[in-house]
1. Can you send over the carbon and sulfur percentage of the accessible area for segment 1-112, probe radius 1.4 Å, protein chains only?
2. Let me know the longest stretch in the chain that avoids all trypsin sites (Lys or Arg not before Pro) found in a DSSP loop with at most 14 other C-beta atoms within 10 Å.
3. Are there GluC sites (Glu not before Pro) in segment 16-111 that DSSP marks as loop and that have at most 13 other Cβ atoms within 10 Å, and which are they?
4. Which three extents, in whole angstrom, do the alpha-carbon atoms of the chain cover along their principal axes, largest first?
5. PHE30's amide H: which non-local residues (gap 5+, or another chain) put their own amide H closer than 5 Å, with H modeled 1.01 Å from N in plane and none for Pro or chain starts?
6. Mind checking the per residue accessible area of the chain for me, 1.4 Å probe, whole number of Å²?
7. At what distance in nm do the modelled label points of GLU48 and ARG104 sit from each other, each positioned 7 Å from its Cα along Cα→Cβ?
8. Can you show me the helix-derived [θ] at 222 nm for the chain, built from DSSP H runs with n ≥ 4 at -39,500 (n - 2.57) apiece and divided by the number of residues, rounded to the nearest 500.
Amino acid sequence: MRGMGTPEEISAHVQYMNDFAARLEGTGEFVDSQALSAEGTFVRYDGEGRPPVTDGPFAETKDLIAGWMVIDVETHERALQLAGELSAAPGAGGKPIHEWLEVRPFLTEPPTITE
């Protein structure tokens with residue numbers, strides 16, 4: 001939630017998100033959502049008997065992931081449409097924040113080929 005300021009502006013942003021989710025519950029497209037803390041840690045394996053490495057050499061470049069929303073839509077175009085609406089959530093001064101959102105489908109099993 002970049003560009004946030006006053007408690008009222010933060011409240012308006014959260015209300016927009018809640019209203020958006022409620023509308024998608026009504027259409028049957030909402031599955032789940034979760035807000036995430038801004039504090040996150042990247043971690044990776046660093047070899048046998050060594051502690052994991054955290055954050056890595058370029059921690060300043062990691063993206064802020066403020067949360068996620070799972071939706072169940074018929075088409076990729078519908079997912080893009082909804083993400084565009086969600087990106088218009090208000091920020092400072094009540095203006096849309098135009099936040100970049102990533103749209104990503106769930107990985108499904110590859111098709112079974114029968115001969």
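1. Carbon and sulfur: 58 percent of the exposed surface of segment 1-112.
2. Value returned for the longest uninterrupted segment is 3-61.
3. Numbers: sites: GLU25, GLU29, GLU39, GLU48, GLU60, GLU74, GLU77, GLU85, GLU99, GLU102; in loops: GLU29, GLU39, GLU48, GLU74, GLU99, GLU102.
Loop-located and lightly packed - GLU39, GLU48, GLU74, GLU102.
4. Projected onto its principal axes, the Cα set of the chain covers 52, 51, 18 Å.
5. Excluding prolines and chain starts, which carry no amide H, the hits are GLU25, ASP72.
6. 80 Å²
7. Placing both labels 7 Å along Cα→Cβ, they lie 3.2 nm apart.
8. That calculation yields -9000 deg cm²/dmol at 222 nm.
The values are calculated or read from the model by the stated rules, or taken from the named source; none is laboratory data. For clarity, every value in this text was computed on a predicted model and none was experimentally measured. Cβ atoms come from the backbone with ideal geometry, glycine included; neighbour counts cover every protein chain shown. When the accessible area is computed, the model is the full protein with side chains, heavy atoms only, and any ligands, DNA or RNA have been set aside. Shrake-Rupley method; radii C 1.70, N 1.55, O 1.52, S 1.80 Å.
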